[in-house]
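A.B. asks: One structure coming up, written as C-alpha cells, with questions to follow.
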Number of protein chains: 2
Amino acid sequence: MWKFFKLLKGSSHSHISNQNAYLNDLLKGYSNGFRGQVASAGLLDLLDEGVPGVGTYEDFNTIDWVREKSKDRDRHREINRQKKQSDLALLLSLIDAFSGWLLMLLIGLLSGALAGGIDIAAHWLTDLKEGFCMKGFWFTHEHCCWKSNETTFQRRNKCPQWKSWAELMVGVPEGASAYVVNYLMYVSWALIFSYLAVILVRAFAPYACGSGIPEIKTILSGFIIRGYLGKWTLLIKTITLVLAVSSGLSLGKEGPLVHVACCCGNILCHLFTKYRKNEAKRREVLSAASAVGVSVAFGAPIGGVLFSLEEVSYYFPLKTLWRSFFAALVAAFTLRSINPFGNSRLVLFYVEFHTPWHFLELFPFVLLGIFGGLWGALFIRANIAWCRRRKTTRLGHYPVLEVVVVALATAVLAFPNEYTRMSSSELISELFNDCSLLDSSKLCDYISPGKGGERAANFSMTTNGLADRAAGPGVYTALWQLVLALVFKMFITVVTFGMKVPSGLFIPSMAVGAIAGRLLGIGMEQLAYYHHEWPMFKGWCSLGAKCITPGLYAMLGAAACLGGVTRMTVSLVVIMFELTGGLEYIVPLMAATMTSKWVADALGREGIYEAHIRLNGYPFLEPKEEFEQKTLAMDVMRPRRNDPPLSVLTQDGMTVEEVEGMISDTSYSGFPVVVSHQSQRLVGFVLRRDLVISIDNARCCQDGIVGASRVLFTEHTPSHPYQGGPPPLSLRPILDLSPLAITDHTPMEITVDIFRKLGLRQCLVTQNGCLLGIITKKDILKHMAQMANRDPDSILFN
Amino acid sequence: MWKFFKLLKGSSHSHISNQNAYLNDLLKGYSNGFRGQVASAGLLDLLDEGVPGVGTYEDFNTIDWVREKSKDRDRHREINRQKKQSDLALLLSLIDAFSGWLLMLLIGLLSGALAGGIDIAAHWLTDLKEGFCMKGFWFTHEHCCWKSNETTFQRRNKCPQWKSWAELMVGVPEGASAYVVNYLMYVSWALIFSYLAVILVRAFAPYACGSGIPEIKTILSGFIIRGYLGKWTLLIKTITLVLAVSSGLSLGKEGPLVHVACCCGNILCHLFTKYRKNEAKRREVLSAASAVGVSVAFGAPIGGVLFSLEEVSYYFPLKTLWRSFFAALVAAFTLRSINPFGNSRLVLFYVEFHTPWHFLELFPFVLLGIFGGLWGALFIRANIAWCRRRKTTRLGHYPVLEVVVVALATAVLAFPNEYTRMSSSELISELFNDCSLLDSSKLCDYISPGKGGERAANFSMTTNGLADRAAGPGVYTALWQLVLALVFKMFITVVTFGMKVPSGLFIPSMAVGAIAGRLLGIGMEQLAYYHHEWPMFKGWCSLGAKCITPGLYAMLGAAACLGGVTRMTVSLVVIMFELTGGLEYIVPLMAATMTSKWVADALGREGIYEAHIRLNGYPFLEPKEEFEQKTLAMDVMRPRRNDPPLSVLTQDGMTVEEVEGMISDTSYSGFPVVVSHQSQRLVGFVLRRDLVISIDNARCCQDGIVGASRVLFTEHTPSHPYQGGPPPLSLRPILDLSPLAITDHTPMEITVDIFRKLGLRQCLVTQNGCLLGIITKKDILKHMAQMANRDPDSILFN
C-alpha cells in the first residue's frame, strides 16, 4: 500500500508546475489541507528516498503547521526507534539532537562576521565621501589618523595623512573653492553609491530591497516566498546595504541586518536534513536568526531574543528561546572580536551616564514619549500614503530614478549641515554623548567656570566641571543646526523608507528622536542653570550641581520615536538597557516608551511593519490584534447564502469520471468527503493535488481503472467487485481522516483563536454533524478587513 | 428569556454546595463544558447585578479558558459600545483600560515592601541566634556596630555594643563555656523559630508550606485551589518564612517569595471587578506576580519576567509580558528604596568581577555543569523518594515533630562549622566574593607577596596584590570546612524540602553549587600558581598575573546546581547576568547551565517542580513535554470498547423525568446533546449544573412543567403544544452550541496540542458526524502517564 502511495507521490511535481495556476488557487477558495496524519507513517521513507516535491509547498502558499509538526514528530519517533537497535543509530541520533545547536553556532558566527564586515565597509565608504587616506586607500579616516602624533585632543580632520577631496584636487584645505569641491565630491559619491545599490538590487535580487521585517514576519507566520531568504538575496543585500548606508540616504542597517541574519539561517538550514525538509522546524531557526540580527545590530543579545519573541516570531517554543539566546550571544561575541568600531563595543552609540535622574524629570520624559508617539503615528500614515502612491501611480515604474533623485536631494541638503552630513549612527552617538570637560564637540561648548563671569565665580572648584553650565556660542549654533536637521530628517525619511534599496528604519527614527531629545535636554539644562531657584528645581538642582544630562534625553527621545514607529515595548526597553547598562535608567525608558506607544496607538493601531504587511496584502494573521466582533462561523464560511453548494465528494458514490469532472470544474485545492449527498456527514478531507496525481497514476498503471470505476474512500473495499462493473479505485490512503471541524454557531473570536494557535489553513463547518461549509485563513483575513472597514480585496498576495 | 435565565442562575449556589460531591465529579469523567458563548450576551448584566456563583468555579476544578476569554471579550465589547454613548462611560472605559497598570503598580509596591520586610526581619532574627545588641534589641549585628569607631577593618564580631549570648549569660566572650552557651542558645533559637513556623502553618494556613511554585504552575494552567493565594496564606507565609529562614534550616526565601507575590496579586485583584470576576484575566495578573517574586528575590527584573515566561506561566500573551516587566521594575525599585542590605543592592550576593576568563577555563566550567546536573538529578530522585515516603508512611502524621527534629539536627551539625553556621545567603555572598587585599575573610587568607619567601620575591609591586597567590593556612582550613559543609548541605536539603514550613530551593541549591565551585576555583588557582609553566596555562597565566577568579567558579557552580534542580535555562542565565552585570561572563554561564541541563535531563526528564506536581497528582498538562506516542483519539476517549454507551440527551425526545433520572444515575458534569439516539448527530453540550438548576426552577416556577413534559433543545419550540401532553420545557438557552469536536482518527499528539493551546477541559469525539465519545483533560493526563509507564491513577487531586 505504501509503495503505491510512494509511486503516486513520485510524480507529483510534474503535474502541478504552473505557478500561476497555484497562485490562482490561493486567491480563490480553500487551500491545501489538514492532512498528512494518515500519510505520516510513510513520509519518513519518502523523505529518505528523496522523491522530489513530496512534503514541500509551492511558492506563495501557506504551510500547514499541524502537518509539519507531526512530520517532525514522526521523524523523531523513527530516530528513537532505531536508536535502540544499533550503536551507529544511537550516534546518529545524538548528532541529530545536537545539529540544532551546531546550526545556531554557525548562524551566530556567520551573521556576526557579516555584520562586522558591513560595519567596516560602510565606515570606509562613508569616509570616502569626504576624503582619502594617503597611507593607503583602504584606511578609514579614523584608522588613517590612528597613530598620528599631532592629533591628540584636536579635531580629527586635522590629521595630515588624511586629505579631503579639496586638498587632493585643488590643493587648498579651506575656503570657498575647497567647500565647493568637497560638496560636489560628496554629492557625486552619494549618487554613485545609491545608483550602484539600486541597480544591483534591480538586476540580481529584487527581494533585497526594504527592511525585510514585514516579509520575515509573514514568512514566520507560515507563508512561503521562495528566494526571499536565498543566496542571491544575502549576497546582494549585504553589498547594497553597505552602499545604501554609505550613500548618506536616511536609512539604517539594523532592520536589513535581521534580513541578512535570516538569510544566513535559511541557507545554513540546507546543511541539515532535519531543517531543510521541514518548514516548521526551519521557522524555528529563522526566529532565532532574527534574534541574531538584532543582537548584532544593537549589541543586545537579550534584547534581540525578546525582539524576536515580541515582534517577529509567530511560533516560538521555549526550546527556540534558549537556542536563540545562544545564537545571539555567539553572534555578539563574533562581532566583538572583529571589533569594527575599535572601542571593543558592538555599536557606535554605546553610552554610560553617571548622573542620576530626578523624579520631576519624568515630566519632560513623558513629553518626549508624546513626541515619539505623535511622530511615529504621523510617519506611518505619511509613509504608507507615499508607498501607496508609489504602487498605484507611474512613480513606481522608475525605481532607479527615484532612488537617484532622493539620494541627490539628500546629499545636496545634507552637506551644508554638519549634523546631517555625518552618518546617522555617528549623529546618534554624538547626541547620546554625555559631555565631559575634554570633549571637543560643538555640543559640549559650554562656558567653563572661571571665564563665565559673575555667575561662574560662585562655583567651587570641587564640582570638577561636571556641574550644569551656561551654554556657549557653539551650543547655540548646534541648536539651530539640530532644528534644521530634525525637520530635514523627518521629511526625507518618509520618502526614503520603501524605496528599492535595503533600508532600515531603526536608525532614522532614533536619529529624529535623539535630536528632539537633545534639544529638550539642553533646554532643560539651561533652564535649570539660569532658574535653579524655581520651585520645580528646588531641592535637587542647586547652582553648581550636575542635574540634567542632555544625552539621557537624547536616548529617551530615540527610544520614544523608535517605539512610536515600531510599537516595540519590552524588547525596546531591554535593547536600550543593554546599550546603557544599568537598571537606573529603565524607569525613564519605560515612561517614555509607554507614553509613546499609548499616544501612537491612539492615533492608529498598527506599527510600521503591520502597515506594510497590509499594504502588500500578505496573508498574515496578526497574533496581537484581538478580534472583537460578535459574528459566528456561519457568517464567514463559504458557500455564502446564495452561492452554489459546496463541492463535496462522497465516500463511495462517485465514479472516476465524476471526480475528474469536479476537479476540472473547480479550482479549489481540496474537497471534503461526505458519507452521502443526502446525509452530508463529514468523513474527511482530500487535497486536489493528491487526487489528481492518484487518479492519473491509477489510470495509467492500475489494471481495469476506467472512467466508470467507482472511487471509494471507505475503510473496506468490498471483497466482491460490483456486479458487472469495473474494479473500484480505493483512495483511502490520501484521505485525511482528521480534518478539524467546528460548528456553525462557533463565535468567530474563538475560530480566529483556533486558527492562530493551531496554525490552520482551513477548517470545516458543521451543523448537527452535517457538513455546511468551509473557512480558510483567507476568508478570516477578508472578514477581519471587512469588519475593520478596510478593503477586503487587499488581502491577496500581489 | 434572559430574565428567566437570570432567575435560574440566581439559585445556582445553593444547589451544588457540597464540595465533596464536586471533587467526586472531578475525579470521575468529564468536567464542566465549553459553553458560555450562547449565554454571553447576558453575562455582563448578570455580573453587574452580582448574582452569586455565576461564572465562578468550584474548588479543585479546572477553568475553561475559552469561556473566560470570551466572557472578557464580551465585557470589553460592552464597554466599547457604551463608550460611544456618554462621556461618563468613556471615562469609565479609560479607567478600565488603566486598571491593569494600576494593579501592576500596586502589586509591585506591596511585594517589594513585603520582600524588604522579610529581608530585614530574617536578618534580625538570624543575628538573634548569636547575640544581642545592647543599644536596642531591634538592631541587627551590622546595624548595632554601624557607627562604632573601633571596628574599621576588624572582624565584625569585635564590636562592643554587640554581646554574644555567652557574654550576656556567663560573662566571658571566649573559651569552652562561652562556646557551649553560644551553641545551646543557637540550637534553642533554631528550635523555637522552627517550632513557631510549623505550628503557625499547621494552625492557620496549611497552604503556606513548601515553595508554592508547583501549585502556582498548576493554578496558572487553569486549576482552582481556593485559599491557596488568600489573605491568610499571605500573612502566615510571610511570618513563617521569616521564622523558617532564621531557624537556620537549609531552605531559602526565593521560591516562597514568588508565592507571596502571587498572593499579593490575587488579593489585589479583588479591587478590580475586571480581574475579580474573570479567572483567565486573573491568571495573567498572577503570571506577572510571579515575575515580581523573582524580581525581588534576585534583584533581577528581566530575569523575573523570563522566569515567569519560561518556568511558571501557561498562558502568557504579549500584553502580560509588558505589564510583568513594569510590575517587576516597580517591585525592584521599591525594594531598593527600602535597602534591606544597606548596600543599595537588591540582594546580598551581588558581585562584580574584574578579571576576564580564558578560553581554556571552559573545561572546568563544563565540569561544574556536570556536577550541577548530577546533583540536580540525584537531588530530585532522593527528594521525591523521601516525600513519597512521607506521604505513604506514618512519617507524614507528625509534621511538627519532623520539622523540630530536622531543625535540631541542622542546628547541632551546623554550629561547629563556620560556613554552615552563617545563613545560606551570607555563605553564597562570601563564596562569590572576589578577594581584594583588604578582605578579612578566611577564604582570602593568601600569603601576600613579600612574606611568601622565594617565589613571592619574583613579584613586581605593580601587580597590586591582585595576582594569583599561594594559599595561606586560612584557605586550607576553609577548604576542609567547605568540604564538610558541602556534604552536610547536600544531605540536609533532601530531607528539608517538602516539610510543612515555607521552604525554597534556590538558595540551598546555589549554596551547594557555590561551595563546589569555590573549591574547584581555589584548586585551579593554586594549580595555576604552582604550575604556571604547564602547557595548559602557557601563554595566558604567567607568574604574577591574576588569571583565576575562584568567585566566578562559585557563581558558575551555583548556576549549574540551580539549573540541574529546576531545569531553568534562559531565565537562569539572565538572573545571573543581572547579578553580575556584564556580558563578559555569559558564555561561561551558558556553558555551565547548558551542560548541567543536558546531564540532568539525561538522568531524568523532570525538574523538581514537575516532579512535585506529579507527586501531588495535580492535573497539569506540561506545555514543554512533547507527546511522542502514535495513539489516536479513539484509543483515549470514553466510553472504552466494553463500557456502557455514552450518556447523551436528545434534542427533543426526552421528558423531564428521563433527564432527571439520567442526572441522578450518573455523576458526569456535562452531557452531549444529539439529534436522536439513532443518528447520534451532535447538537451541543449542556452542563449538569445548568441542567439541574433549570429543571428545578422550571418545576417550581413555570406553569405546567411536570415529569412528563418534554425537554426541548431545538431552536423553535413547536407553536402548538403536544397533543394532550403538558407544555414542553425549552432548554436551548443553556445549550452550548459550539462544543469542539475532533474525529476518532485524530492523532493524540494533535489532540494534546489542541488541549494545551486552547485550554480545553473536554472535547467530543465524532466519527462520520456521529458522536462516539468524549476526551477530558484528565483522560489525556492518564493516557500520558500510562504511555510513560507511570501509574495513571496518580493523576487525581488528593
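The values are calculated or read from the model by the stated rules, or taken from the named source; none is laboratory data. The structure presented is a predicted model; accordingly, all values stated were derived computationally and were not measured. Because the Cβ atoms are built from the backbone with ideal geometry, glycine has one as well, and the counts that use them run over all protein chains shown. Note: areas computed on protein heavy atoms with side chains; ligands, DNA, RNA excluded. Shrake-Rupley method; radii C 1.70, N 1.55, O 1.52, S 1.80 Å.
A.B. asks: On a 0 to 90° scale, report how tilted helix A:656-665 is relative to the longest principal axis of chain A, with both axes built from alpha carbons and the result rounded to the nearest 10.
C.D. replies: 30 degrees
A.B. asks: Could you work out the relative contact order of chain A? I mean the mean sequence separation of Cα pairs under 8 Å and 6+ apart, divided by the number of residues, in percent.
C.D. replies: 17 percent
A.B. asks: Placing +1 at every Lys and Arg Cβ and -1 at every Asp and Glu Cβ, with all other atoms neutral, what dipole size does the protein assembly as shown have around its Cα centre, in debye to the nearest 20?
C.D. replies: Its charge dipole is roughly 440 debye.
A.B. asks: Another question, then. Report, by chain and number, residues whose modeled amide H sits under 5 Å from the one on A:Thr655, excluding near sequence neighbours (fewer than 5 apart, same chain).
C.D. replies: A:Val711
A.B. asks: How far apart, in nm, are two points set 7 Å out from the Cα along the Cα-to-Cβ line at A:Glu426 and at B:Ile224?
C.D. replies: 6.6 nm
A.B. asks: Residue-wise, which Karplus ³J(HN,Hα) couplings in Hz belong to segment A:372-389, taking 6.51 cos²θ - 1.76 cosθ + 1.60, θ = phi - 60°, and x for glycine or proline?
C.D. replies: So the J values, rounded to whole Hz, are x, x, 4, 5, x, 5, 5, 4, 4, 4, 5, 5, 5, 4, 5, 5, 5, 4.
A.B. asks: Taking each residue of A:70-79 in turn, how many C-beta atoms of other protein chains fall within 10 Å of its C-beta, and what is the average?
C.D. replies: 2
A.B. asks: Is the shape of the protein assembly as shown best called rounded, prolate or oblate, per the rule: a/c under 1.5 gives rounded, else a/b larger than b/c gives prolate, else oblate, with a ≥ b ≥ c the square roots of the Cα gyration tensor eigenvalues?
C.D. replies: Oblate shape, in that a/c is at least 1.5 and b/c is the bigger or equal ratio.
A.B. asks: Once amide H atoms are placed 1.01 Å from N in the peptide plane, what residues at a sequence separation of 5 or more from A:Arg681, or on another chain, have their amide H within under 5 Å of its amide H?
C.D. replies: A:Val675, A:Ser676, A:Leu771
A.B. asks: Amide H neighbours of A:Phe627 under 5 Å, at least 5 residues apart or on other chains, H built in the peptide plane: list them.
C.D. replies: none
A.B. asks: Something else about it: Pick out, from A:Ser188, A:Thr631, A:Leu91, the residue whose Cα sits farthest towards the positive end of the charge dipole of chain A, with +1 on the Cβ of Lys and Arg and -1 on the Cβ of Asp and Glu.
C.D. replies: A:Leu91
A.B. asks: Pairs of Cα atoms under 8 Å, at least six residues apart: use those to get the relative contact order of segment B:595-713, whole percent.
C.D. replies: It comes to 24 percent, rounded to a whole number.
A.B. asks: In nm, one decimal, shortest first: how far is the label point of B:Glu352 (7 Å from Cα along Cα to beta carbon) from the matching points in the other copies?
C.D. replies: Ordered by increasing distance: 0.9 nm.
A.B. asks: Same structure, new question: Once you place label points 7 Å from the Cα toward the Cβ at A:Ala602 and B:Val405, how far apart are they in nm?
C.D. replies: Taking the two extended label points, one gets 6.6 nm.
A.B. asks: On a 0 to 90 degree scale, rounded to 10, what angle separates helix B:586-603 from the longest Cα axis of chain B?
C.D. replies: 60 degrees
A.B. asks: Relative to the Cα centre, what is the charge dipole magnitude of chain A, using +1 at the beta carbon of each Lys and Arg, -1 at the beta carbon of each Asp and Glu, and rounding to the nearest 20 debye?
C.D. replies: Dipole size: approximately 720 debye.
A.B. asks: At a Förster distance of 56 Å, what's the computed FRET efficiency of A:Arg276 paired with B:His354, Cβ-Cβ distance as r, to 0.05?
C.D. replies: It comes to 0.75.
A.B. asks: Kindly write out, for segment A:324-339 in residue order, the coupling ³J(HN,Hα) from the Karplus curve 6.51 cos²θ - 1.76 cosθ + 1.60 (θ = phi - 60°), rounded to whole Hz, with x marking Gly and Pro.
C.D. replies: Those phi angles translate into 4, 4, 4, 4, 5, 5, 4, 4, 4, 6, 4, 4, 5, 6, 6, 6 Hz.
A.B. asks: Before anything else, pin down the relative contact order of segment A:649-774: Cα pairs under 8 Å, at least 6 apart, normalised by residue count, whole percent.
C.D. replies: For segment A:649-774, the relative contact order is 24 percent.
A.B. asks: Going by Cα centres, segment B:686-712 and segment A:210-265 are how many Å apart?
C.D. replies: 65 Å
A.B. asks: What nm value, rounded to one decimal, do you get for the distance between B:Asn417 and A:Ser667 when each label is placed 7 Å out toward the C-beta?
C.D. replies: Going by the 7 Å Cα→Cβ label model, 7.8 nm.
A.B. asks: Any chance you could look up the accessible area of B:Asp665 with a 1.4 Å probe, heavy atoms only, rounded to 10 Å²?
C.D. replies: 130 Å²
A.B. asks: When the Karplus curve 6.51 cos²θ - 1.76 cosθ + 1.60 is applied with θ = phi - 60°, which whole-Hz ³J(HN,Hα) does each residue of segment A:488-497 get, with x for Gly and Pro?
C.D. replies: After applying 6.51 cos²θ - 1.76 cosθ + 1.60, I find 4, 4, 4, 7, 5, 5, 4, 7, 6, 5 Hz.
A.B. asks: Considering only the label points, 7 Å along Cα→Cβ from Cα, what distances in nm to one decimal separate A:Gly171 from the same position in each other copy, shortest first?
C.D. replies: 10.4
A.B. asks: How large is the dipole of segment A:627-673 about the Cα centre if only Lys and Arg carry +1 and Asp and Glu carry -1, each at its Cβ, rounded to the nearest 20 debye?
C.D. replies: Roughly 360 debye for segment A:627-673.
A.B. asks: Helix B:231-246 versus the longest principal axis of chain B: what is the Cα-based angle in degrees, 0 to 90, to the nearest 10?
C.D. replies: Helix B:231-246 sits at roughly 20 degrees to that axis.
A.B. asks: Mind listing the label-point distances from A:Leu184 to the same position on all other copies, shortest first, one decimal in nm, points 7 Å along Cα→Cβ?
C.D. replies: 10.2
A.B. asks: Moving on. Report the accessible surface area buried between chains A and B, summing both sides, using a 1.4 Å probe on protein heavy atoms only, in Å² rounded to the nearest 100.
C.D. replies: Interface area, both chains combined: 6500 Å², rounded to the nearest 100.
A.B. asks: Among B:Ala414, B:Leu309, B:Val351, which residue has its Cα positioned farthest towards the positive end of the charge dipole of the protein assembly as shown, with +1 placed on the Cβ of Lys and Arg, -1 on the Cβ of Asp and Glu, and the dipole taken about the Cα centre?
C.D. replies: The Cα lying farthest towards the positive end belongs to B:Leu309.
A.B. asks: Can you find, among B:Ile586, B:Ile107, B:Pro535, the residue farthest towards the positive end of the dipole of the protein assembly as shown? Put +1 on the C-beta of Lys and Arg, -1 on that of Asp and Glu.
C.D. replies: Positive-end residue among those listed: B:Ile107.
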